[in-house]
Every structure is written in C-alpha cells, then in structure tokens.
Amino acid sequence: MKMTNKLFAFLFLLLAAASLNAQSLERSVVSTAGNDASASGISLDFTVGETTIGEFTAGGISISQGFNQSVKKKSGNTPEVSLAKLSIYPNPSDKQFSLESDRNLNFTVYDHHGSAIQKGELLGSKVHILEAQLWSQGIYQLVLTDDSGLRLTKRLIRH
C-alpha cells in the first residue's frame with residue numbers, strides 16, 4: 001500500500017510540475033513611449049529612444065529599425081515637403097518654439113483633439129516664435145505647407 005501511495009504522490013507532483021509555467025517569453029515593447037501593431041499577419045513593435053540601427057526597403061516601403069528623429073506623414077495624395085533647412089527649437093518646450101525655414105511656409109498647429117489652435121506664416125530666413133505658454137502640456141502637430149501644396153507634419157511637445 002505504501003508503494004501505491006508513493007507512486008500516486010509522485011504522479012501527482014509530476015503532473016503538477018508539468019502544468020506550471022515559471023516564466024514565458026513573449027515579444028513585447030518595454031518603454032515609456034512606443035507601441036505595437038499587427039495586421040495581415042505582420043507585427044510591428046517600436047519604442048522611442050532607440051538609435052537607428054538598420055533599414056529595410058522593399059516594394060516602395062521603407063522601415064528603419066530604431067528611432068527616427070523627424071516625423072513625416074503623407075496626408076491623402078498630398079506629397080511631402082522636402083525641407084532641408086527647417087529648424088524647430090527648443091523641442092520640447094514649456095514657453096515658446098522658434099521656427100526657421102529657408103522658404104515661405106504656412107503652418108497650422110493642431111492639439112490632441114485635432115482642433116487647429118494656431119495658424120500663421122513663416123517668412124523665409126526669418127525666425128517665427130510660437131508662443132506656447134497657454135497651451136496645455138501634451139503633444140501637438142505642426143503642419144507646414146508651401147504654395148504648391150507640399151506638406152510636412154512635425155511634432156511639438158509642450159511640457
């Protein structure tokens with residue numbers, strides 16, 4: 001009888017140990033800023049603060065691995081502005097942002113609701129000051145367009 005009890009206890013412990021998971025490894029993003037997304041069997045994980053360590057290009061799609069400094073988005077069929085001499089500083093800021101460009105541009109600042117909170121014009125080779133003291137803390141979108149309809153979106157961070 002003692003042998004049956006020992007065998008039963010051994011089998012019970014063996015089954016209990018087999019069903020426990022001490023740890024599991026999953027792909028995930030661990031960062032204060034970043035996200036993950038998946039669609040059609042493709043998964044993309046990204047974080048802010050990584051250095052750029054590689055780039056993959058195929059079929060007109062380019063993916064950089066790591067952090068990219070500028071944020072460029074296309075809106076509909078509107079092509080992007082290529083602005084080699086655009087400066088926005090300081091960013092992040094708690095009082096004001098200085099904007100400089102080598103060409104004339106119109107701009108609109110949008111809050112996190114998508115509401116336009118400020119519009120104006122950058123005159124080439126002049127510094128334009130965006131007063132942000134009355135803005136709430138958060139991330140704002142600065143949309144720049146030129147006379148031909150070319151468009152560029154940048155992030156402004158008000159802290």
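The values are calculated or read from the model by the stated rules, or taken from the named source; none is laboratory data. This structure is a prediction, so every number in the text was calculated from the model and none was measured. Ideal geometry is used to build each Cβ from the backbone, glycine not excepted, and the neighbour counts take in all protein chains shown.
A few remarks follow.
- Number of residues in segment 103-130 that are loosely packed, with under 13 Cβ neighbours inside 10 Å, charged (D, E, K, R) and over 25 Å from the mean Cα position of the chain (by Cα): the value is 2.
- Test: residue in segment 131-139 that is at pLDDT below 90, of a type outside the set (Lys, Arg), assigned by TED's automatic domain parsing to the domain that holds Glu100 and surrounded by fewer than 17 Cβ atoms within 10 Å (Cβ to Cβ): no
- Looking only at segment 146-158, and only at residues there that are modelled with pLDDT of 90 or more and not charged (D, E, K, R), the one that is surrounded by the most Cβ atoms within 10 Å (Cβ to Cβ): Leu156
- Val109 meets each of the listed conditions (1) touching a residue at least 24 places away in the same chain (Cβ under 8 Å); (2) assigned to a loop (DSSP other than H, G, I, E, B) apart from (2).
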